[in-house]
Amino acid sequence: MLSKYSPSDRIEAESWLLVACVASVLLLSSQSAASFLTYALALLVLGALRRWVDIAHTPYFWLVVATLVYFFLSVFWSEPFEWRAVLTHGVRSLLIFCFVVAIAEVQLRGVIQLWLRRGIVLVGFGAMVAAIAVYFISMPEDGRLNGLGQLDTHVVAALVFAYVLIFGLQVMLRDRGVWRWLGAAAVLCAAISVYLSDSRNAWVSAVLGAAILLLSECTRDRQRFIASIAGVGLILGVVLLALLIDESTRELLLVRGTSFRPEIWSAAIDRLAAGNYWIGLGIATQDNFVVGGIEFLHPHSVYVSSLYQGGIIGLAIFLVLIWRTMSVLFEYYEE
């Protein structure tokens, strides 16, 4: 069946499936229903294995593969070891791999640049309007806005809505006519949604992301852009530091204090000390912690999680991946 597609048709299908995958996370409450689209995308990508030649020739591609393979292999030293975990994490790693390949292919062919942002803005706008409506109708006890579909926690929802905000800002700046107005409406709804989520992480992320996008739109010179980002980071850091030092404003920024973050991280490091610092405890090892009589289901830090699950080796691979991502972006910034 895949053979009937020409390369451009296949990549067009990948583009539609990528947008549909993101839309399903925003709108579908059933994780199984949302997963069907990711399986379809994986089958489409794997069916065109021989056409990855240009992607497979890039060192960055193999760095992504190494990251996925290493953390998958950590299943074998997880406690307790279960073959079911091998299958589960193997499938997840494969799906992430196929998602990365699909993104790379559509970006290389230039198919998705224009209407991906429009599709995300359109779907995201509808999801955010519905989430805001639900918030004011139900008025949740904790006062935090949650998302629909898979975004039923305020932190994850806020970060995804901040992601939609960035796309909306880009549509507002680059497109014309009704799309510009839709982009502006999406930015407004995203700002309201992120604010009502009461997630300080999302507040900072949204502001920083918007600043980076605006600066990238204003300058095409790489060095000037890097200098501008450093300036924005410095200003934001000074503002945050000032808010934290002043007792009258500290509660505004950290209304729930540190939310047991230092204690959770300390518990994760202590548990890791009983295992192996170099290879970690494995991705399938339980990572919930009880602090102050409250159970936390994960370490609340992607870096601590990488260290906990993959050890120093896993964290190093992950940090190299981040560094390489940034270096490639800066290397081809003018393009």
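Taken along the Cα-to-beta-carbon direction at a fixed 7 Å, the label points for residue 221 and residue 240 span 2.8 nm.
The trypsin sites (Lys or Arg not before Pro) of segment 86-181 that DSSP puts in a loop, and whose beta carbon has at most 10 other beta carbons within 10 Å, are 176. Karplus-based coupling profile of segment 30-44, in residue order and whole Hz: 8, 5, 5, 5, 5, 6, 4, 5, 5, 5, 5, 5, 4, 5, 5, with θ = phi - 60° in 6.51 cos²θ - 1.76 cosθ + 1.60 and x standing for Gly or Pro. Overall, the anisotropy analysis places segment 124-228 in the oblate class: the square-rooted eigenvalues a ≥ b ≥ c of its C-alpha gyration tensor yield a/c not less than 1.5, with a/b not exceeding b/c. Backbone geometry of segment 85-98 corresponds, through the Karplus equation with coefficients 6.51, -1.76 and 1.60 at θ = phi - 60°, to 3J(HN,Hα) couplings of 5, 4, 5, 4, 6, x, 5, 4, 4, 5, 5, 5, 4, 5 Hz, x marking Gly and Pro. Amide H contacts for residue 47 (H built 1.01 Å from N in the peptide plane; partners 5 or more residues away or on another chain; cut-off under 5 Å): none found. Accessible surface of the chain, 1.4 Å probe: 69 percent of it comes from carbon and sulfur atoms.
The calculated 222 nm mean residue ellipticity attributable to helices in the chain amounts to -24500 deg cm²/dmol, summing -39500 (n - 2.57) over DSSP H runs of n ≥ 4 and dividing by all residues.
Given R0 = 25 Å, the distance between the Cβ atoms of residue 291 and residue 144 translates into a calculated FRET efficiency of 0.75. If you run the Gaussian network model on the chain, springs between alpha carbon atoms under 10 Å, then out of 58, 67, 285 the most flexible one is 58.
A 1.4 Å probe run over the chain, with the rest of the protein chains in place, finds 56 Å² accessible per residue. Taking amide H atoms as placed 1.01 Å from N in the peptide plane, the amide H of residue 296 lies under 5 Å from those of 289, 290, 291, each 5 or more residues away in sequence or on another chain. Entry note, segment 117-165: relative contact order of 34 percent, from Cα contacts under 8 Å with a spacing of 6+ residues.
Near residue 187, once Lys and Arg are set to +1 and Asp and Glu to -1 for all other residues with Cβ below 15 Å from its Cβ, the sum equals +2. 3J(HN,Hα) along segment 197-210, derived from phi through the Karplus expression 6.51 cos²θ - 1.76 cosθ + 1.60 where θ = phi - 60°, amounts to 5, 6, 9, 5, 4, 5, 4, 5, 4, 5, 5, 5, x, 5 Hz, with x in place of Gly and Pro.
The values are calculated or read from the model by the stated rules, or taken from the named source; none is laboratory data. This structure is a prediction, so every number in the text was calculated from the model and none was measured. Here the Cβ is made from the backbone with ideal geometry for all residues, glycine too, and neighbour counts use every protein chain on show. When the accessible area is computed, the model is the full protein with side chains, heavy atoms only, and any ligands, DNA or RNA have been set aside. Shrake-Rupley method; radii C 1.70, N 1.55, O 1.52, S 1.80 Å.
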